[in-house]
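Below you'll find the structure, written out as structure tokens, and then a few comments.
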Amino acid sequence: MSLNKYLDVSPEVAGALAAGKPVVALESTIISHGMPYPQNVETALAVESIIRENGAVPATIAVIGGQLKAGCTREEIEYLGKAGTKVTKASRRDLAMLCARGQDGATTVTTTMIIAHMAGIKVFATGGIGGVHRGAETTMDISADLEELAHTPVMVVCAGAKSILDLGLTLEYLETHGVPVLGYGTRELPAFYTRHSGFSVDYQVDSPEELAAAFKASLELGFQGGMLVANPIPEEYSMDPAVINGAIEEALSQAKANGIHGKETTPFLLAKVKELTGGDSLDSNIQLVFNNARLAAKTAACLAK
Ligand code: PSU
Ligand code: MN
């Protein structure tokens, strides 16, 4: 555990870590930028409850007033949800500036991994990760999430990645950078809203015990990188591929027409897809996060044994 003056671990999370109890990190970009208020706050609090019910302590991560919080209070979660996109989406390059200026930031997968690792948290649950964007061969738009997975030893449980990305290139990039991709109960990469993408992952893993054993081995080998667990959305909440893929194509063409680039690309595409598919996609999104939280909590419990 590396401690620094910017890191603020909540008393509950610090106590759990000191006692060797399981802790699961949660990101805050999903709260401020990923869902509308009040569903974002309701979901964030429900995810914390699910983690508790499955035997672990939740640590929602964010930057508040230049402090790297590992374990937000209910009030902080409400603040992040109400403030929404007014809170900076914070990737690795933003952390030093936010700390220096005493500002707030909603943490992406990248910065949630960084802060989780600083605090000594090994498992992190989210919805979807960033990846290699379609057209990256000319735009070079590749999420910093992939780089962080290559360098920071945290296990990230997600529901795959949305096909707003080039999923094939995303897997190639992860392969090059030595990031193991483990399908939970499947050899196929799930595509967030749907269980199928047509792309294969490295390994199928069928229990939290096996996930914990894999991550433990990685740590024992002295590897600095993380692991990506791709947990398919439960069948009953998965969306019609034709509906979701149509919305994704439309969102991509609107992003192109509007000249969207840089850190705005992912939030723009996600918001458009949501707008085009209405409440259905929000409901699926919430359910898959719950599903990932359950698996992450059970895995963290096995790791703590
Ligand atoms: N993909 C999703 N939902 C999300 C994100 C990505 O399906 O909420 C968020 C996560 O916080 C992720 C970030 O870490 O977007 C990636 O942004 P970028 O592509 O700009 O790296
Ligand atoms: Mn990008």
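All of the numbers you see were taken from the coordinates with simple rules; none came from a lab. Note that this is a predicted model, so its numbers are computed, not measured. All Cβ positions, even for glycine, are placed from backbone atoms using ideal geometry, and neighbour counts span all protein chains on display.
For the chain, a crude dipole built from +1 on the beta carbon of Lys and Arg and -1 on the beta carbon of Asp and Glu, taken about the Cα centre, is about 760 debye to the nearest 20. Taking amide H as placed 1.01 Å from N in the peptide plane, Val9 has its amide H under 5 Å from the amide H of Ala70, each at least 5 places away in sequence or on another chain.
Between Ala161, Ala14, Ala293, the Gaussian network model of the chain with springs among Cα atoms under 10 angstrom shows the greatest mean-square fluctuation at Ala14. Site pair Glu275 and Glu249 shows an inter-label distance of 2.0 nm when each label is modelled 7 Å from Cα along Cα→Cβ.
Comparing Thr73, Thr186, Thr194 in a Gaussian network model of the chain (Cα springs below 10 Å), the most mobile by mean-square fluctuation is Thr73. Summing charges over all other residues whose Cβ lies under 11 Å from the Cβ of Thr277, with Lys and Arg as +1 and Asp and Glu as -1, gives -3. Result for the chain in a Gaussian network model with C-alpha springs under 10 Å: among Leu171, Leu221, Leu295, the largest mean-square fluctuation is at Leu221. For region 6-90, the dipole from Cβ point charges (+1 on Lys and Arg, -1 on Asp and Glu) about the Cα centre works out to 160 debye, to the nearest 20. Between Ala46 and Met97, the C-beta separation translates, for a Förster distance of 41 Å, into a calculated FRET efficiency of about 0.80. Fewest neighbouring Cβ atoms within 10 Å first, the residues Phe199, Phe215, Phe124, Phe223 line up as Phe223, Phe199, Phe215, Phe124.
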